[in-house]
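A.B. asks: Have a look at this one.
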């Protein structure tokens with residue numbers, strides 16, 4: 001079986017049969033086309049031409065210019081692709097079977113402390129533009145949304161009278177997230193005062209810019225980086241730090257881990273458990289800083 005045919009077959013399967021989210025299909029497509037280009041350089045035309053050494057060399061090449069989590073995602077892509085091909089076409093070999101992810105230990109997510117996030121959200125003025133930006137960031141933090149979820153949010157997913165937002169996350173999984181009263185008030189002001197002025201055409205998206213276009217992820221990322229610089233906050237924080245802060249602050253307040261998992265839309269509790277590591281690290285740091293015996297030098 002030709003490699004290009006195998007890739008086309010697999011991408012059709014995950015998009016049509018598995019119905020994976022568009023972003024997931026796009027990520028698989030990028031990874032597999034990079035893989036295909038590497039194999040073509042080695043004159044590998046068919047699946048059974050690919051050896052374990054080819055896959056290993058490809059991964060080593062990727063490690064030179066990508067972070068561990070990106071390489072691990074690539075390895076997962078190759079495993080899923082070759083497993084599907086071998087399962088569907090038993091005569092084809094799986095050269096990825098002995099390739100394993102590199103376990104570097106997962107980095108703890110960066111999050112805002114409560115003082116800084118409050119300071120940032122309270123820094124907006126009353127102009128139309130600032131109200132628009134404030135509403136986005138307030139909703140991002142109050143509901144723990146991914147930036148992609150914020151940008152794709154539509155008016156029929158917003159239930160301000162009931163204090164909920166209906167979010168469609170990865171894999172088209174739906175979840176209901178409460179919105180606190182302060183966020184409801186700010187988002188309602190934007191939706192009722194600013195959005196009608198900016199809406200040039202029939203757009204369902206909640207967040208439209210002054211040109212009437214749906215806001216992009218790049219815009220949100222740029223806005224946050226600009227605000228961090230203006231307020232002299234840690235430049236290592238990011239748009240995703242709002243989601244990390246949402247989870248961390250809920251757990252700090254006594255929320256159950258399973259509740260946080262549901263609010264974040266994690267399918268596996270192990271993904272949510274990273275936030276307990278954040279808590280544990282903070283406890284250890286506090287202990288080392290304040291316990292009288294821990295502070296003493298040997």
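Computed from the coordinates by the stated procedures, all read-outs in this text should not be read as laboratory data. Just so you know, these numbers come straight off a predicted model, no measurement behind them. Reconstructed Cβ throughout: ideal geometry from the backbone, glycine too, with neighbour counts over all protein chains shown.
A.B. asks: Report the label-to-label distance for residue 37 and residue 276 in nanometres (one decimal), using points 7 Å from each Cα along the Cα→Cβ vector.
C.D. replies: Taking the two extended label points, one gets 4.2 nm.
A.B. asks: Further question: Please state the shape class of the chain: rounded when a/c is under 1.5, otherwise prolate if a/b exceeds b/c and oblate if not, all from the C-alpha gyration tensor.
C.D. replies: Because a/c hits 1.5 or more and a/b fails to exceed b/c, the chain counts as oblate.
A.B. asks: Highest mean first, how do 249-255, 182-188, 25-31 rank when packing is the count of other Cβ atoms within 10 Å averaged over residues? Kindly include the intermediate steps, with their values, before the conclusion.
C.D. replies: Details: 249-255: 13.4, 182-188: 18.4, 25-31: 16.3.
Going by the mean number of other Cβ atoms within 10 Å, highest first, we get 182-188, 25-31, 249-255.
A.B. asks: Working out 0.36 nm times the residue gap between residue 189 and residue 201, then minus their Cα-Cα distance, what length gain in nm do you get to one decimal?
C.D. replies: 2.3 nm
A.B. asks: Determine the shape class of the range 3-88: with a ≥ b ≥ c the square roots of the Cα gyration tensor eigenvalues, call it rounded for a/c under 1.5, and otherwise prolate if a/b is greater than b/c, oblate otherwise.
C.D. replies: Numbers: a/c = 1.92, a/b = 1.19, b/c = 1.61.
Verdict is oblate for the range 3-88.
A.B. asks: Could you calculate the contour length gain from residue 181 to residue 161, that is, 0.36 nm times the residue separation minus the distance between their Cα atoms, to one decimal place in nm?
C.D. replies: On the way: separation 20, 0.36 × 20 = 7.20 nm, distance 1.00 nm.
Value of the extension gain: 6.2 nm.
A.B. asks: I need to check one value: relative contact order of the range 3-88, counting alpha carbon pairs closer than 8 Å and at least 6 residues apart, in percent. The partial results should precede the final answer.
C.D. replies: Details: 35 pairs, mean separation 30.8, N = 86.
It rounds to 36 percent for the range 3-88.
A.B. asks: Still on this model: When you count, for each residue, the other Cβ atoms within 10 Å and take the mean per peptide, how do 268-276, 121-129, 78-86 rank with the highest first? Mind showing how you got there, number by number?
C.D. replies: Values: 268-276: 14.2, 121-129: 12.6, 78-86: 18.9.
Ranking, from highest mean packing down: 78-86, 268-276, 121-129.
A.B. asks: Can you tell me how much longer the chain between residue 22 and residue 8 gets when fully stretched, taken as 0.36 nm per residue apart minus their C-alpha distance, in nm with one decimal?
C.D. replies: 3.5 nm
A.B. asks: Per residue of the chain, what 222 nm ellipticity follows from adding -39500 (n - 2.57) for every DSSP H run with n ≥ 4, rounded to the nearest 500?
C.D. replies: The helix contribution divided over the chain gives -17000 deg cm²/dmol.
A.B. asks: To continue, here is another question. Could I have the simple spin-label model distance between residue 119 and residue 173, label points 7 Å from Cα toward Cβ, reported in nm to one decimal?
C.D. replies: About 3.5 nm separates the two model spin labels.
A.B. asks: OK, next. Just order 201-209, 147-155 by mean Cβ neighbour count inside 10 Å, highest at the front, would you?
C.D. replies: Working: 201-209: 15.6, 147-155: 19.0.
Result, highest mean Cβ count within 10 Å first: 147-155, 201-209.
A.B. asks: Could I ask something else about it? Percent relative contact order of the chain, based on C-alpha pairs within less than 8 angstrom and at least six residues apart?
C.D. replies: Details: 306 pairs, mean separation 47.2, N = 298.
Dividing the mean separation by the residue count of the chain yields 16 percent.
A.B. asks: So, one more: Classify the range 90-159 as rounded, prolate or oblate from the Cα gyration tensor: take a ≥ b ≥ c as the square roots of its eigenvalues, call it rounded if a/c is under 1.5, otherwise prolate when a/b beats b/c and oblate if not.
C.D. replies: oblate
A.B. asks: Apply 1/(1 + (r/R0)^6) to the Cβ-Cβ distance of residue 229 and residue 91, taking R0 = 51 Å, and write down the FRET efficiency to the nearest 0.05.
C.D. replies: Values: r = 57 Å, r/R0 = 1.12.
With a Förster radius of 51 Å, E is 0.35.
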